[in-house]
Structures are given as structure tokens and as C-alpha cells.
1. Kindly indicate whether any position in the stretch 89-105 is within 23 Å of residue 146 (Cβ to Cβ), of a type in the set (Ser, Thr, Tyr) and more than 15 Å from the chain's Cα centre (by Cα).
2. Could you pull out the residue among 113, 126 that is of a type in the set (A, V, I, L, M), touching a residue at least 24 places away in the same chain (Cβ under 8 Å) and touching a His at 6+ places or on another chain (Cβ under 7 Å)?
3. Any idea which of 6, 20 is in a strand (DSSP E or B) and open to solvent by 60 Å² or more (accessible area, probe 1.4 Å)?
4. Tell me, which residue of the stretch 24-34 that is open to solvent by 40 Å² or more (accessible area, probe 1.4 Å) and either among the polar types (S, T, N, Q) or at pLDDT 95 or above (or both) is farthest from the chain's Cα centre (by Cα)?
5. Just to be sure I understand, how many residues within the stretch 42-66 are open to solvent by 20 Å² or more (accessible area, probe 1.4 Å), under 14 Å from the mean Cα position of the chain (by Cα), touching a residue at least 24 places away in the same chain (Cβ under 8 Å) and more than 18 Å from residue 81 (Cβ to Cβ)?
6. From the list 117, 78, 83, which one is open to solvent by less than 60 Å² (accessible area, probe 1.4 Å) and polar (S, T, N, Q)?
7. For the stretch 23-51, give me the residue count where each residue is in a loop (DSSP other than H, G, I, E, B) and either polar (S, T, N, Q) or touching a strand residue (DSSP E or B) at 6+ places or on another chain (Cβ under 9 Å) (or both).
8. Looking at residue 28 and the list (1) touching a Cys at 6+ places or on another chain (Cβ under 9 Å); (2) polar (S, T, N, Q); (3) within 13 Å of residue 126 (Cβ to Cβ), which single condition is not satisfied?
Amino acid sequence: MSASSQLLLPLLGLYPFDAQRGHGSFVTFSLTSTPDAPREEHYFWVYMCHWEIQVGERKLAHSECADDQIDAAVAALNNRRLNEILLNSWVKEEGLYHDAILFFENDLVMKLMQYQNAVDDYALFMTRDPAGRWIRYLSNGSILAEAAEG
């Protein structure tokens with residue numbers, strides 16, 4: 001089922017915690033509305049994409065950096081309010097491309113960029129809502145919502 005970007009609205013205003021590098025260049029974090037006593041309200045998984053994290057003009061790390069550099073950059077996401085999510089598409093000679101940009105407080109930005117040879121169903125990111133439903137932003141620019149199991 002193709003879904004609307006409005007499904008991402010509940011993420012805005014939440015604070016990441018427990019941000020960490022996963023397998024390969026995956027990044028995961030939980031999101032909470034109560035940063036002083038965090039409990040997971042949403043889960044966020046940066047999945048099949050290139051990514052970079054920067055503060056202002058200073059790049060902290062990207063998906064191909066050394067593990068220690070990635071770990072430090074990913075940790076910088078913790079407790080910074082997620083203010084905006086920008087979903088982009090653009091046309092190049094090679095085809096149509098998509099990305100997502102997450103804007104956090106204090107000028108921290110995480111850019112998620114589609115792999116050059118991505119197949120349509122690669123998820124740049126996925127988020128799980130409190131009801132257990134997965135919402136995926138795919139490399140073809142669509143948003144897919146899957147019903148919770150059970």
C-alpha cells in the first residue's frame with residue numbers, strides 16, 4: 001500500500017536516544033518525547049543508503065568512514081530534537097533519484113542518499129510506530145506502510 005508522507009509527522013519533535021551503528025553502515029535509534037526519562041515511542045532504522053552526518057558545514061562522518069568516526073557521529077544524534085524531514089527527488093541522465101534529510105536541533109543534519117544502482121524496493125529508512133506498524137521510505141520515492149504483525 002502506497003502511503004502518504006503524513007505518516008512521518010509523528011516523528012517531528014521527538015528526541016533520538018540509544019543511537020548506534022548497526023551491521024555494516026546501518027544506523028538505528030529510538031525516539032522519545034521525554035528525553036529526561038526516555039522510553040521508545042518510535043524506532044528509526046537507516047537502512048539501504050549512503051548517509052552523512054554534519055553539524056553546520058562540518059561533516060562528522062559518512063557511511064564509509066572508520067567505525068570509531070561513525071560511532072562518534074551517530075552518538076551526536078542523541079537528545080537532539082528532530083525538527084524536520086525533507087524528502088527529495090531529482091532527475092539525472094541516469095534516472096530518477098531520491099534522498100531524505102533529517103534536520104535536528106543545533107544545526108545537526110543527517111542526509112540519507114539512495115544507492116546509485118538501488119532497486120525500487122530498497123528502503124532508505126524505516127520507522128516503527130507505537131502500534132508496531134513499519135513505515136518505509138523506498139528508493140523509488142514511495143512510502144510504504146505495513147500493518148503490525150499479530
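The values are calculated or read from the model by the stated rules, or taken from the named source; none is laboratory data. None of these values were measured; they are calculated from a predicted model. Here Cβ is always computed from backbone atoms with ideal geometry, including for glycine, and neighbour counts include all displayed protein chains. For the accessible areas, the whole protein counts, side chains as well, though only heavy atoms, and no ligand, DNA or RNA atoms are used. Shrake-Rupley method; radii C 1.70, N 1.55, O 1.52, S 1.80 Å.
1. The first filter runs over the stretch 89-105 and keeps only residues within 23 Å of residue 146 (Cβ to Cβ), leaving 89, 98-100, 102.
From the residues that got through so far, the ones that are of a type in the set (Ser, Thr, Tyr) too are 89.
With more than 15 Å from the chain's Cα centre (by Cα) added as a condition, the list becomes 89.
Yes, that holds for at least one residue.
2. 113
3. Selected residue: 20, the only one of 6, 20 that is in a strand (DSSP E or B) and open to solvent by 60 Å² or more (accessible area, probe 1.4 Å).
4. Selected residue: 34.
5. Total meeting the criteria: 5.
6. None of the others qualify; the one that does is 78.
7. 11
8. (1)
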